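Colleague: Got a structure here, written out as structure tokens. Questions coming.
The values are calculated or read from the model by the stated rules, or taken from the named source; none is laboratory data. Computed from a predicted model, the values in this text were never measured in an experiment. Heads up, the Cβs are rebuilt from the backbone with ideal geometry, glycines too, and the neighbour counts pull from every protein chain shown.
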Amino acid sequence: MLIKEKLPPLFNFDALPEPTYTGNGLTDQDVISVSQFDTERLDYIFSRAGEMRELVERVGSTDLLRGRVLACLFYEPSTRTSASFISAMERLGGGVIPITQGVQFSSVSKGETLADTIRTLEQFSDVIVLRHPTVGSAQVAADYAAIPVINAGDGPGEHPTQALLDLFTIKEELGRINGLKIAMVGDLRYGRTVHSLTRLLTQYDVSLRFVSPEILRLPLTIMNQVIDAGIDVRETHDVADVIKNADVLYVTRVQKERFTDLAQYEEVKNHYEITPELMAIAKQDMVVMHPLPRVGEIHYAVDDDPRAAYFRQVRNGMYIRMALLAAVLGKA
Ligand code: NCD
């Protein structure tokens, strides 16, 4: 129309500078496995997480993701992972659809398939965080969804965002990753956090010690990845064998829900307990970590020890998830 033609353009889009932010290749991507993270991408997420920490400490929140919505879909119990994703999204100014208090209240209890639930939630949201008991379920969801899916634990498979926060915690606590002796203790067979963290660590120059009862040894496929990476590695049944030299003691719960034979669980459930007596023979700057929840693996008397990092680790989870949500949703 004539009048319109005479009007100057409201906004000259061509005059805008080219966006330089790339999200380090994470924008619009699913986060399914730690294999997506090379050291460059890890450094990027860690430095963004450091900025998120500063932001939270200074002002508490921002509006970076205002108007964006996260759907949090948990088919397995969770406290830390779900709460930290929700807090992360809200501190970035976004909104949350929380289906975390038991999918029994959602249409899943009516027999809806994962595919249909995912295709429904993506109508309302910009990113989906999924926890599910089946290995590979996050990839299945990602195949159905056009929006990014973040794996918050697929059965005994992977838990990539936990591994990111674990590695970030090691770096924050000890100032480095290369050169460290890291001991993992407990349920190495079913513990998905151990699987993901171990895979991430194969990219670094570390020594690994795996401490478990015989039936809970690290799966062979992951052990082979460790060996192929040329890492100095040893397995043992006894924490006392490794605690003197360890820089990091990563303790885990025996994953009761993965056992088909509960009698077997009963046999191994109380196998390890980190006590003040054990801590007395550890290095003065060793760091004790645990993805939590703990069910007896670390004595409460250890909590006051400055080397007990597990609650600082929890907080780091929020910063890492803030960094990840911002990256996946294309915001610097
Ligand atoms: C872990 C998990 O769910 O795999 N918890 C968590 O996410 N922090 C560890 C566990 O449940 O033992």
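Colleague: Of the residues that sit in region 61-74 and are surrounded by fewer than 19 Cβ atoms within 10 Å (Cβ to Cβ) and aliphatic (A, V, I, L, M), which one is farthest from the ligand (Cβ to nearest atom)? Steps first, please.
Modeller: Within region 61-74, the subset surrounded by fewer than 19 Cβ atoms within 10 Å (Cβ to Cβ) is 61-64, 66-67, 69.
When the remaining residues are screened for being aliphatic (A, V, I, L, M), the result is 64, 69.
Details: 64: 25, 69: 23 Å.
My answer is 64.
Colleague: Among the residues of region 72-92, are any over 21 Å from the mean Cα position of the chain (by Cα), assigned to a loop (DSSP other than H, G, I, E, B) and at pLDDT 95 or above?
Modeller: The answer is no; no qualifying residue exists.
Colleague: Additional query: For region 247-264, what are the residues that are aliphatic (A, V, I, L, M) and part of a strand (DSSP E or B)? Even if it seems obvious, please write down each step before you answer.
Modeller: Restricting attention to region 247-264, the residues satisfying the condition of being aliphatic (A, V, I, L, M) are 248-249, 251, 254, 262-263.
248, 249, 251, listed by residue number.
Colleague: A further question follows. Among 276, 306, 293, which is in contact (Cβ under 8 Å) with a residue 60 or more places away in the chain and in the same structural domain as residue 194 (by TED's automatic domain parsing)? Steps first, answer last, please.
Modeller: Working: 276 fails: in contact (Cβ under 8 Å) with a residue 60 or more places away in the chain; 306 fails: in contact (Cβ under 8 Å) with a residue 60 or more places away in the chain.
Result: 293 is the single residue among 276, 306, 293 that is in contact (Cβ under 8 Å) with a residue 60 or more places away in the chain and in the same structural domain as residue 194 (by TED's automatic domain parsing).
Colleague: Would a scan of region 107-130 turn up a residue that is closer than 27 Å to residue 256 by Cα, of a type in the set (S, T, N, Q) and within 16 Å of the ligand (Cβ to nearest atom)?
Modeller: no
Colleague: Please verify whether residue 105 is surrounded by fewer than 21 Cβ atoms within 10 Å (Cβ to Cβ), aromatic (Phe, Trp, Tyr) and modelled with pLDDT under 95, treating the condition exactly as stated. Show your work before the answer.
Modeller: Working: surrounded by fewer than 21 Cβ atoms within 10 Å (Cβ to Cβ): yes; aromatic (Phe, Trp, Tyr): yes; modelled with pLDDT under 95: yes.
Yes: the conditions hold for residue 105.
Colleague: OK, next. For region 296-319, give me the residue count where each residue is farther than 11 Å from residue 275 by Cα, exposed (fewer than 15 other Cβ atoms within 10 Å of the Cβ) and more than 13 Å from the ligand (Cβ to nearest atom).
Modeller: 3
Colleague: I'd like the full set of residues that are in a loop (DSSP other than H, G, I, E, B) and more than 14 Å from residue 239 (Cβ to Cβ), limited to region 265-280. Explain how you work it out, then say what you get.
Modeller: From region 265-280, those in a loop (DSSP other than H, G, I, E, B) are 269-273, 275; that's our starting set.
Within region 265-280, 269 is the sole residue that qualifies.
Colleague: Can residue 252 be described as surrounded by fewer than 17 Cβ atoms within 10 Å (Cβ to Cβ) and either in the same structural domain as residue 172 (by TED's automatic domain parsing) or out of contact with any helix residue (DSSP H, G or I) (no Cβ under 9 Å at 6 or more places or on another chain) (or both)?
Modeller: Values: surrounded by fewer than 17 Cβ atoms within 10 Å (Cβ to Cβ): no; either in the same structural domain as residue 172 (by TED's automatic domain parsing) or out of contact with any helix residue (DSSP H, G or I) (no Cβ under 9 Å at 6 or more places or on another chain) (or both): yes.
So residue 252 does not fit the description; no.
Colleague: If only one of 163, 152 is within 16 Å of the ligand (Cβ to nearest atom), in contact with a Phe, Trp or Tyr (Cβ under 8 Å, 6 or more places away or on another chain) and at pLDDT 95 or above, which one is it?
Modeller: Values: 163 fails: in contact with a Phe, Trp or Tyr (Cβ under 8 Å, 6 or more places away or on another chain).
Only one candidate passes the filter, namely 152.
Colleague: If we keep just the residues of region 131-145 that are over 13 Å from residue 71 (Cβ atoms) and in a loop (DSSP other than H, G, I, E, B), which is nearest to the ligand (Cβ to nearest atom)?
Modeller: Per the criteria, the residue is 133.
Colleague: Restricting the search to region 279-290, which residues are out of contact with any Ser or Thr (no Cβ under 9 Å at 6 or more places or on another chain), more than 16 Å from the ligand (Cβ to nearest atom) and touching a residue at least 24 places away in the same chain (Cβ under 8 Å)?
Modeller: At the first step, the residues of region 279-290 found to be out of contact with any Ser or Thr (no Cβ under 9 Å at 6 or more places or on another chain) are 279-286, 288.
Now narrow it down to the ones that are more than 16 Å from the ligand (Cβ to nearest atom): 279-286.
Once the filter is applied, which keeps residues that are out of contact with any Ser or Thr (no Cβ under 9 Å at 6 or more places or on another chain), more than 16 Å from the ligand (Cβ to nearest atom) and touching a residue at least 24 places away in the same chain (Cβ under 8 Å), region 279-290 yields 279, 281, 282, 283, 285, 286.
Colleague: Being buried (at least 23 other Cβ atoms within 10 Å of the Cβ) and more than 16 Å from the ligand (Cβ to nearest atom) is the filter here; which residues of region 75-93 pass it?
Modeller: 89, 92
Colleague: Return yes when residue 207 is of a type in the set (S, T, N, Q), outside the structural domain of residue 133 (by TED's automatic domain parsing) and touching a Leu at 6+ places or on another chain (Cβ under 6 Å) and no when it is not.
Modeller: Against the criterion (of a type in the set (S, T, N, Q), outside the structural domain of residue 133 (by TED's automatic domain parsing) and touching a Leu at 6+ places or on another chain (Cβ under 6 Å)), residue 207 does not qualify.
Colleague: Test residue 34 against the stated conditions and say whether it is of a type in the set (A, V, I, L, M, F, W, C) and free of Cβ contacts under 8 Å to residues at least 24 places away in the same chain. Working first, answer last.
Modeller: On the way: of a type in the set (A, V, I, L, M, F, W, C): yes; free of Cβ contacts under 8 Å to residues at least 24 places away in the same chain: no.
The answer is no for residue 34.
Colleague: If only one of 87, 61, 106, 47 is polar (S, T, N, Q), touching a strand residue (DSSP E or B) at 6+ places or on another chain (Cβ under 6 Å) and at negative phi, which one is it?
Modeller: Details: 87 fails: touching a strand residue (DSSP E or B) at 6+ places or on another chain (Cβ under 6 Å); 61 fails: touching a strand residue (DSSP E or B) at 6+ places or on another chain (Cβ under 6 Å); 47 fails: touching a strand residue (DSSP E or B) at 6+ places or on another chain (Cβ under 6 Å).
Criteria check complete, one pass: 106.
Every residue, every condition in (1) surrounded by 23 or more Cβ atoms within 10 Å (Cβ to Cβ); (2) closer than 25 Å to residue 309 by Cα; (3) not assigned by TED's automatic domain parsing to the domain that holds residue 250, yes or no:
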| position | (1), (2), (3) |
| --- | --- |
| 134 | no, no, yes |
| 139 | no, no, yes |
| 151 | yes, yes, yes |
| 191 | yes, yes, no |
| 215 | no, no, no |
| 221 | no, no, no |
| 228 | no, no, no |
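Colleague: Report every pair of residues separated by at least 6 positions or lying on different chains whose Cβ atoms are under 9 Å apart, first residue within region 148-172 and in a loop (DSSP other than H, G, I, E, B), second charged (D, E, K, R) and within 9 Å of the ligand (Cβ to nearest atom).
Modeller: Close Cβ pairs (under 9 Å, with a partner that is charged (D, E, K, R) and within 9 Å of the ligand (Cβ to nearest atom)) amount to 155/76; 155/192; 156/192; 157/192; 158/192; 159/131; 159/192.
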